[in-house]
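A.B. asks: Got a structure here, written out as structure tokens. Questions coming.
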Amino acid sequence: MANRFSAGYLISDADYETAKQRALNITVEQTVEIPRDIVPAGYVEDEILGRLEALEAADGGYVAEISYSLDDVGGDFLQLLNVLFGNSSILSKTRLVWMKPCAGLDAITRGPRFGRDGLYQLAGVSGGPLLMSAIKPVGLSTSELARLAGDFARGGMDFVKDDHGLVDQKTAPFSERLAACVDAIGEANAKTGFRTSFIPNITAQGGTLERAYEAREKGAGGVMLAPALAGYDVARQLADDKDFGLPVIAHPAFSGANVVGGDCGFSHRFYYGTLQRLMGVDAAVYPNFGGRFGFSRDECLSIVDGCSEAFSDIKPILPAPGGGMTFERVPEMKAAYGKDVIYLIGGALIRERATLADACKRLAEAVRAT
């Protein structure tokens, strides 16, 4: 018999029997997708059909643990996601909240190539926290964006990334911007001794992988993509390619409807934590609590759990909360996130444009002070 992995679904029903029937429906919907009474006996019923392993009361209803056979996955990463929450993602009162791995998962996805510890090594430190900022806004010229990148690097930011809205606009085409920012950061590093890396946005129509390899060839320190736009398998392909060899940062653009849905969709912990690791992402950007997007502190800390919990042999990754990060909020965020985190701060630093490098240094001192 094949190994079995399992998933937890929050079923938003107060009545136990109703919740149980919903759970049993999921076991069928996610696997054989035919009426239960005509499921073929033998291998299909014993192995492929999902199994309801437990149904326990929880806040908002019941959590059903359902196990699935690796045989159903067929060694295909996207089929793994399909088994976890394919058709059932369309159901109301059904939310995927966690996953438990099993032996053999690494044959489907190895997870991130670098992960948390690998990012520390690339940054030249033994541990966190790390700092990342973004060049923006869309509409600035290549030279203006490169100047921002250089200033961030002179201030000691570990990573400088494209804003997710920067693609191939006429004011700063991708290839031109990539080369200019890599050069600006390289010049800054040569003067300061810092190891700042440039992270271009490679999300593109039909060209995401091509831009990834161009970024590697031109000296980028990693790449950023929005999996909800580019596809959930792209990061896995890059992480699995030994010849690529750069970390992958995930941006949450276009993902909100997957988690901000009340009693359906995904939990924050699974989507921005577990799923990113399965995809091969090394750090996951998500909206910080207290910012403009409405994620709660508990939701954000659950993402940290998803990024860091023991999960088969898949490496832990770094959470990268952003949106609402300011100097004034440093103590609050340090108390919440500790050291294993990338602080993503953009607008609050760019506001200090005249003294941007100095502002970055002050931020680094505040974040890393013991």
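The values are calculated or read from the model by the stated rules, or taken from the named source; none is laboratory data. As the structure is a computational prediction, the values presented were derived from the model and not from experiment. Note that each Cβ is placed from the backbone with ideal geometry, even for glycine, and that neighbours are counted across all protein chains shown. Heads up: the accessible areas ignore ligands, DNA and RNA and are worked out on the full protein's heavy atoms, side chains in. Shrake-Rupley method; radii C 1.70, N 1.55, O 1.52, S 1.80 Å.
A.B. asks: Does the range 71-114 classify as rounded, prolate or oblate by the C-alpha gyration tensor (a ≥ b ≥ c root eigenvalues; a/c under 1.5 gives rounded; else a/b over b/c gives prolate, otherwise oblate)?
C.D. replies: It comes out prolate by the Cα gyration axes.
A.B. asks: Over 22 Å between C-alpha atoms is what I'm after, so list which of 242/339; 161/361; 191/315; 191/242; 191/218 land there.
C.D. replies: The pairs that break the limit, which is 22 Å between Cα atoms, are 242/339; 191/315; 191/242.
A.B. asks: Right, another one. Taking the Cα centre of the chain as the origin and placing charges on Cβ (Lys, Arg +1; Asp, Glu -1), which of 109, 288, 84 is farthest toward the positive end of the dipole?
C.D. replies: Toward the positive end, the furthest listed residue is 288.
A.B. asks: In terms of solvent-accessible area of protein heavy atoms at a 1.4 angstrom probe, what is the ranking of 289, 114, 254, highest value first?
C.D. replies: These residues rank, largest area first, as 254, 114, 289.
A.B. asks: Follow-up question, since we're still on this one. So which residue, out of 228, 14, 180, gets the largest mean-square fluctuation from a GNM of the chain using Cα contacts under 10 Å as springs?
C.D. replies: 14
A.B. asks: I'd like to know which of 169, 219, 188 lies farthest towards the positive end of the charge dipole of the chain, counting +1 on Cβ of Lys and Arg and -1 on Cβ of Asp and Glu.
C.D. replies: Of the candidates, 188 comes out farthest on the positive side.
A.B. asks: Rounded, prolate or oblate for the range 214-370? Axes are the square roots of the Cα gyration tensor eigenvalues, ordered a ≥ b ≥ c, and the cut-off for rounded is a/c under 1.5.
C.D. replies: Verdict is oblate for the range 214-370.
A.B. asks: Please compute the alpha carbon radius of gyration of the range 45-183, then divide it by the globular-protein estimate 2.2 N^0.38 Å. Two decimals is fine.
C.D. replies: Dividing the Cα radius of gyration by 2.2 N^0.38 Å gives 1.57.
A.B. asks: I'd like the antiparallel share, as a percent to the nearest 5, of DSSP beta bridges with both residues in the chain.
C.D. replies: In the chain, approximately 45 percent of DSSP beta bridges are antiparallel ones.
A.B. asks: Relative contact order for the chain using alpha-carbon pairs under 8 Å, separation at least 6, rounded to a whole percent?
C.D. replies: So the answer I get is 17 percent.
A.B. asks: So, how do all the Cα-to-Cα distances of the range 98-171 break down into 10 Å bins, in percent, from 0 on up?
C.D. replies: For the range 98-171, the binned pair fractions read 16, 31, 26, 19, 8, 0 percent.
A.B. asks: Comparing 149, 190, 336, which has the greatest mean-square fluctuation in the GNM of the chain with Cα pairs linked when under 10 Å apart?
C.D. replies: Of 149, 190, 336, the Gaussian network model singles out 190 as fluctuating most.
A.B. asks: Please give, to one decimal in nm, the separation of the simple spin-label points placed at residue 297 and residue 37, each 7 Å out from Cα toward the Cβ.
C.D. replies: So the label points at residue 297 and residue 37 sit 5.4 nm apart.
A.B. asks: Taking each full run of DSSP H in the chain as one helix, which ones are at least 24 Å long along their axis (Cα atoms) and have mean Kyte-Doolittle hydropathy of at least -1.0?
C.D. replies: Sorted by number, the helices that extend far enough and score high enough are 174-192.
A.B. asks: In whole percent, and with a 1.4 Å probe on the protein chains, what portion of the accessible area of the range 93-230 is carbon and sulfur?
C.D. replies: 49 percent
A.B. asks: If you don't mind, another one. Quote the charge dipole size of the chain about the Cα centre in Debye, to the nearest 20; the model charges only the Cβ of Lys and Arg (+1) and of Asp and Glu (-1).
C.D. replies: 1540 debye
A.B. asks: Take the chain, connect every pair of alpha-carbon atoms lying under 10 Å apart with a spring to form a Gaussian network, then pick out the residue of 97, 138, 281 with the largest mean-square fluctuation.
C.D. replies: In this elastic network of the chain, the residue with the biggest mean-square fluctuation among 97, 138, 281 is 138.
A.B. asks: May I pose another question? Eigenvalues of the Cα gyration tensor times 5, then square-rooted: what semi-axes does that give for the range 168-269, in whole angstrom, largest first?
C.D. replies: 28, 15, 15
A.B. asks: If you keep only loop residues by DSSP, which trypsin sites (Lys or Arg not before Pro) in the range 277-370 have at most 16 other Cβ atoms within 10 Å of their Cβ?
C.D. replies: Passing sites in the range 277-370 are 292, 339, 351.
A.B. asks: Using the heavy atoms of the protein chains alone and a 1.4 angstrom probe, what is the accessible area of the range 156-302 per residue in square angstrom?
C.D. replies: Here the per-residue accessible area is 38 Å².
A.B. asks: In terms of solvent-accessible area of protein heavy atoms at a 1.4 angstrom probe, what is the ranking of 89, 133, highest value first?
C.D. replies: Highest to lowest solvent-accessible surface, that is 89, 133.
A.B. asks: May I pose another question? If I compute mean projected area of the Cα convex hull in nm² from the structure I just sent, which labelled value in (1) 21.9; (2) 18.7; (3) 26.0 lines up?
C.D. replies: Entry (2).
A.B. asks: Related question: Expressed as a whole percentage, what fraction of the accessible surface of the range 267-370 belongs to carbon and sulfur atoms when a 1.4 Å probe is rolled over the protein heavy atoms?
C.D. replies: 51 percent
A.B. asks: Now for a different question. In debye, nearest 20, what is the charge dipole magnitude of the range 269-323 about its Cα centre with +1 on Lys and Arg Cβ and -1 on Asp and Glu Cβ, if you could check?
C.D. replies: So the dipole magnitude of the range 269-323 works out to roughly 160 debye.
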